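The values are calculated or read from the model by the stated rules, or taken from the named source; none is laboratory data. What you are looking at is a predicted structure, and each value in this text was computed from that prediction instead of being measured. Note that we place each Cβ from the backbone using ideal geometry, even for glycine, and neighbour counts take in every protein chain shown. These area figures cover heavy atoms from the full protein model, side chains too; ligands, DNA and RNA do not enter into them. Shrake-Rupley method; radii C 1.70, N 1.55, O 1.52, S 1.80 Å.
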2 protein chains.
Amino acid sequence: MERGAAGGETVGSDETLFAIAEQLRESDGAGVTELADRLGLAKSSVHKHLRTMVEHGYAVNRDGTYHVGLEFFRVGEYTRDRYEVYHAAKGPVDALAAETGEMVWLIVEENGRAMYLYGSRGDAEISLESIVGTWRHLHVNSGGKAILATLPETEIERILDRHGLPMRTENTVTDREELRAELAAVRERGYAVNRGEDVEGLHALGAPIRHDGVVHGALAVAGAARRFTRDDRETDLAEHLLTAVDDVEVNLAYQ
Amino acid sequence: MERGAAGGETVGSDETLFAIAEQLRESDGAGVTELADRLGLAKSSVHKHLRTMVEHGYAVNRDGTYHVGLEFFRVGEYTRDRYEVYHAAKGPVDALAAETGEMVWLIVEENGRAMYLYGSRGDAEISLESIVGTWRHLHVNSGGKAILATLPETEIERILDRHGLPMRTENTVTDREELRAELAAVRERGYAVNRGEDVEGLHALGAPIRHDGVVHGALAVAGAARRFTRDDRETDLAEHLLTAVDDVEVNLAYQ
DNA sequence: GACGGTCGTTCGCCATCAGGAAACGCAGTT
DNA sequence: AACTGCGTTTCCTGATGGCGAACGACCGTC
C-alpha cells in the first residue's frame, strides 16, 4: 500500500478510507466495483470499508449505490460551530454584504490552508453554498494573505514549504520574494488585496480578525474587478471592511 | 481488537479512527495521552492515526491539542447539499416558521435514523444550530414517524430490529404493536403527531415529502405543548404544514 | 539549577488483520 | 438458457497496525 507523503508513518487503512470517501464525493455516489477500479483496490477491501462506514453513518446505501453519509454532516457542523469566530462574524458579514452589495466571506486557516466558513451577498443569496466549505491556498485569497501576514516568518516558511505557490490565474503570486514583499505591504496597509489571483476578474479585500493576540480568521469583500478598480472604491470598501472586523472583534470580546 | 456488531466483517482501523474523531468531538479537543487512555489504545497508535488525519485535514493541532478538522465540514456540506430536498425545502420551511411562529424542521432518514437537516423559527433564529446535524430515533420524532409510516412493513421491521424503541420520556412509544397502530393512524390522517415523546413538553406535527413515488424526507412543526393542545390549533397547524409540504413537492418537481 | 512529572513523539518488534483472488448468488439482458 | 455485471462472501497470507519502551522537550517545584 502506498503511504502518505514524507513526515513519518501514517495508517494506510485510514488513507484508504479517506480515498473512498473522496471518491464517493467526486462521483456523487458509486458502486463497489467502480470504487475498487478507480482506487486500484480489491472489491472485497472496498466492501469491508464501506460496511464499516455504513455502520457508523459515514456512508449510506441508497438503492444499490453507496453515498457519503450524514455523519460527516454531523461532525462537520460541530467543527464549524466550535469556531467562536463563526458566531461572532455571522452578523457583521451579513451587514457588510448588505452595505456594500458585494460578496462577503469569513475565512479561517487550518493546516496552512484557508477555508470559507460563511458567506453572504447583498443582492441574492445564490450560489454561495458551493463556496462555503471549500479550501483555498492562502496566497490566492485576500483573507488568506491577511492571515499569512500576521504569522511569524518561520511559520510562513513552513506553510510555503508544505503547500507551495501554485498558479491559479495569470495574476497569481508565485514567487516567494514577491509574496514576502506583498505581505509587508499588507501589514503596513492593514488589509490585503486580491486582484484576480484566484479567479480571473474577481477582486477582493481581506483583513485579519484578532482577539487576545491570536488571529481567529479574516473577513473578505469580493466582487467584479470592474467595480473594485473604480475611483476610490477600494479605500471606501476597506473602510467598511475594517469597521466590520472591529464589530467581529467586539463580539469576540463579549463572548 | 474489538470488532463491530454482528453483520459481517469490518475494518478495525476505521473503527479506531471513528472512535478518535468522536472522542475529539466529545471532549472539545484532546491530547494524545488523553485519547489513548479513554479509548484503551497505545499512545503510539493514536498518534499514528492523528498524523494521518492531520495530513488529510480531518484533524488539526492547535497549540498542542488535537481537534477535528474542517475537512469534515467540507464533506459534510457536500453531503447536505446533495439532498435535493434540502434546496427545495429551505424556502417553505422559513415561510412556515414565519406563518406559524413555531419551530420548523426538515428531517431526512439515513440508515434507519432521522437527522435534522435544516431548521427555522418564527421569532429568533436562536439555538437551532445545536439541533441541526443531530440524529434522532425515528419513533420519537414526528418527522421520523411520518417517514416510517410510508415504508413497507419489512423495512420497518429491519429498522426496529436494528435500533429498537428506546425511551426518551414518559410518553415515548416503546411497544411495537402500539407503534404499528399509530403508524396506521398516521397513514390515515396524513401527518404524524409527537406529544412530548422526545422532549417533555414539546409537541410536534410531521408530514412526509414525496416525489416520484419516493419519500425524500419530512417537514415538522414543533412548539410548546400548551399551545399545541389549544382548541383546534392542531388542525390549523396541520393545514399549514401540509400546504408547505405541497410547496416543497412542487419545488422538487420543478428541480 | 537540578529534579520529578507529564506530555508528544519515535523506534522496533510481533501477532493480527487489511487486502487480494476467486467463487458465489442474483439481476437483467441477449 | 447462457451470459454479463454486479454486490457479497470466503479463505488465505504477508504487510502493517498496535504495543511497549525509550526519548526528548517542557513544565512547575523544591
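In a simple Cβ point-charge model (Lys, Arg +1; Asp, Glu -1; nothing else charged), chain B has a dipole of about 520 debye relative to its Cα centre. Tell me whether region B:12-72 comes out rounded, prolate or oblate; compute the Cα gyration tensor, take square roots of the eigenvalues as a ≥ b ≥ c, and use a/c under 1.5 as the rounded threshold. It comes out rounded by the Cα gyration axes. Note on chain A: dipole from Cβ charges, positive end direction compared against A:Ala204, A:Gly69, A:Ala149; the farthest Cα belongs to A:Gly69.
Legend: calculated FRET efficiency, B:His163 to A:Gln255, from the Cβ-Cβ distance at R0 = 30 Å, rounded to 0.05, equals 0.20. Contact order, relative form, for chain B: 15 percent (alpha carbon pairs under 8 Å, 6 or more residues apart, mean separation divided by residue count). Farthest towards the positive end of the charge dipole of chain A, among the residues A:Ala244, A:Asn111, A:Ala95, is the Cα of A:Asn111, using unit charges on the Cβ of Lys, Arg, Asp and Glu. Helix A:12-26 and the longest principal axis of the Cα set of chain A meet at an angle near 70°.
In the protein assembly as shown, taking the dipole from charged Cβ atoms about the Cα centre, the farthest positive-side position among A:Ala21, A:Gly213, A:Thr33 is held by A:Thr33. Computed about the Cα centre, the dipole magnitude for the protein assembly as shown is approximately 760 debye when only Lys and Arg (+1) and Asp and Glu (-1) carry charge, each at its Cβ.
In this structure, A:Asp212 and A:Asp63 have a Cβ-Cβ separation that, at R0 = 45 Å, corresponds to a calculated FRET efficiency of about 0.30. Surface burial for B against A, with a 1.4 Å probe and both sides summed, reaches about 5800 Å² of accessible area. With a 10 Å cut-off around each Cβ of A:106-119, the average count of Cβ atoms from other chains is 3.
The loop-placed GluC sites (Glu not before Pro) in region A:160-199, going by DSSP, that have at most 15 neighbouring Cβ atoms within 10 Å of their Cβ come out as A:Glu170. About the centre of its Cα atoms, region A:1-106 shows a dipole size close to 360 debye [charges on the beta carbon of Lys, Arg (+1) and Asp, Glu (-1) only; nearest 20 debye]. Between region A:148-225 and region B:95-118, how many Å separate their Cα centres? Rounded to whole Å, the Cα centres lie 40 Å apart. With all protein chains in place and a 1.4 Å probe, the accessible surface of chain A carries 48 percent carbon and sulfur.
When both region A:22-78 and region B:229-255 are represented by their alpha-carbon centers, they are found 34 Å apart.
Excluding ligands, DNA and RNA, the accessible surface per residue across chain A is 45 Å² with a 1.4 Å probe.
Quick one: angle between helix A:71-81 and the longest Cα principal axis of chain A, in degrees between 0 and 90, rounded to 10, please. It works out to around 20 degrees.
For region B:130-164, the list of trypsin sites (Lys or Arg not before Pro) that fall in a loop by DSSP and count at most 15 other C-beta atoms within 10 angstrom is empty.
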